[in-house]
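Encoded as structure tokens, the structure appears first; notes follow it.
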Amino acid sequence: MDQLDDCQRVPLVSAQAPAVRRVSSPPRSGPRRGVAGGPERRSSQNVIRERTSLVGGDHCAVRRYADTRRGPLARDPALDRWRHPPSDRCWWCGDKATTEEHRFKHSTLRRIATQDGRTDPRNLFKKAGNYEGLLRSISRGSQVRWRKNLCAPCNNTRSQRFDSAYDRFEAFVTRYADDLGRWHRLDWTTVYGEEWEQGARDLARYFAKQLGCMVAGQDLDVPQDVVDFSMERTGAPPWRSWPISTGGASTATA
């Protein structure tokens, strides 16, 4: 029991992908029994047994195991040879970087942080490699924004259509959230109508913008393919539908 108590005091860092979730009430004091009312209901003893099983049952190795775990966006030393000094340039066009892109769209954060007509960032719980807790802001800070690596024209005017495509997609997913699990394919015409080819490409470019900000924030060169796609120099295959869940092999159809 002494060994177990020692392990319970060791902070175990999660290596799961960053997530922001709505919380309906302030977190309880004492050991946390799940995230934001989620299904997890494992006792602290079970959690410790699970962690120690990963290090050969050695309770003393739990601390060493926890210290070596990294979040998915933590800097991997294996990539250090390709890093360059921090840049003040926009990775998209090369002009002076003056803005910080939201990691999660501000409208999305505002929507899920609003309860009973009142927006409060403490309604959101974030779990990432370097942070775990309630948000203090949905407008600024490193937990909701990437580092400053875009100029204002690229982050606003040039990518406005991409942001709008994401907004339409999110509205669609939110509206049909209860039905999507029963669909095998997502037909882009149900999201973007007759302009589905442009809409699907613009949605992809929104995620390319996110990818570029993440890579640039790691002091790595953004792949030229990502830059060209974001600048609309290249296109993506206009797949009309995309698989959502499949029981076997499946491909998208044009």
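Values in this text are rule-based calculations from the coordinates and carry no lab data. Since the structure is predicted, the reported quantities are computational estimates derived from the model, not experimental observations. Here the Cβ is made from the backbone with ideal geometry for all residues, glycine too, and neighbour counts use every protein chain on show.
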| request: If a/c stays under 1.5 just call it rounded; otherwise compare a/b with b/c (prolate if a/b is bigger, oblate if not). Do that for the range 82-232, with a ≥ b ≥ c from the square roots of the Cα gyration tensor eigenvalues. | output: oblate
| query | For the range 182-188, what does the Karplus curve 6.51 cos²θ - 1.76 cosθ + 1.60, with θ = phi - 60°, yield as ³J(HN,Hα) per residue in whole Hz, taken in order and with x for Gly and Pro? | reply | 9, 8, 9, 9, 10, 8, 4
| message | Please state the shape class of the range 112-183: rounded when a/c is under 1.5, otherwise prolate if a/b exceeds b/c and oblate if not, all from the C-alpha gyration tensor. | response | oblate
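Can you sort M214, M231 from fewest to most other Cβ atoms within 10 Å of each residue's own Cβ?
If I rank by nearby Cβ atoms, fewest first, I get M231, M214.
If the range 151-237 were replaced by its equivalent ellipsoid, with semi-axes equal to the square roots of 5 times the Cα gyration tensor eigenvalues, what would those be, largest first, whole Å? Before the final figure, lay out the partial values.
Values: eigenvalues 137, 40, 32 Å².
Listed largest to smallest, the semi-axes of the range 151-237 are 26, 14, 13 Å.
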| So for the pair D167, T234, with labels modelled 7 Å out along Cα→Cβ, what separation do we get in nm? | 3.0 nm
| field | For D95, residues with placed amide H under 5 Å, excluding near neighbours | value | C90
| task | Using the Karplus curve 6.51 cos²θ - 1.76 cosθ + 1.60 with θ = phi - 60°, work out ³J(HN,Hα) for each residue of the range 119-136 in order, rounded to whole Hz, and write x for Gly and Pro. | result | 9, 9, x, 6, 7, 10, 10, 10, 10, 9, x, 10, 7, 8, x, 6, 6, 9
| message | Can you list residues from other chains, or at least 5 along the same chain, whose modelled amide H is less than 5 Å from the amide H of R103? | response | R145, W146
